[in-house]
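Below is one structure, written out as structure tokens, with a few remarks after it.
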């Protein structure tokens, strides 16, 4: 029994040290988003191992709290860079979409003699139905055309979650 108690004490001490490390990494990750993935994964892994190490020990309260706090802080530190990257990907997708719509408008003007709506561009086969949809890549796109001029606006469907940039392309009447 003495060796079992000694093993539990060693496991508890090891778990406590890992809980402290998890908490420190979690806090550091909040302030240094450069640790993003490495810091977050390390903080979560150390916290999970620490929870296992302190399991079953009656004095585990503070160690368990530190491990859980480290896990939660590591998860929270990962979210802003993730949304930033997702927002940039959505913005790049939207820029490409606006370029395609602009090129389709130029072709439509050559053929019909005026600029068209998204639906008209899709019916003419100049853009796919996915480009004609109001929302794609997290951005809501609206096209207003009047004879010799058009304006395209693209705004994030949910600011910060799907993107932060707002796009506006305006081609005035050249007549």
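Descriptive notes on the structure:
- Modelled FRET efficiency - R0 30 Å, residue 24 with residue 55, Cβ distances, 0.05 increments: 0.90
- Label-point separation, residue 129 to residue 17 (7 Å along Cα→Cβ), nm: 6.2 nm
- R0 of 45 Å, Cβ-Cβ distance residue 112-residue 79: FRET efficiency to nearest 0.05: 0.45
- Counted over region 86-171, the DSSP beta bridges are approximately 95% antiparallel.
- Residue 169 paired with residue 65, simple spin-label distance in nm, labels 7 Å along Cα-to-beta-carbon: 5.6 nm
- For the peptides 86-93, 148-155, the ranking by mean Cβ contacts within 10 Å, running from highest to lowest, is 148-155, 86-93.
Laboratory data are not the source of any read-out in this text; all were calculated from the coordinates shown. Computed from a prediction, not measured in an experiment: that's the story for all the values here. So basically every Cβ, Gly included, is an ideal-geometry build from the backbone, and we count neighbours across all protein chains shown.
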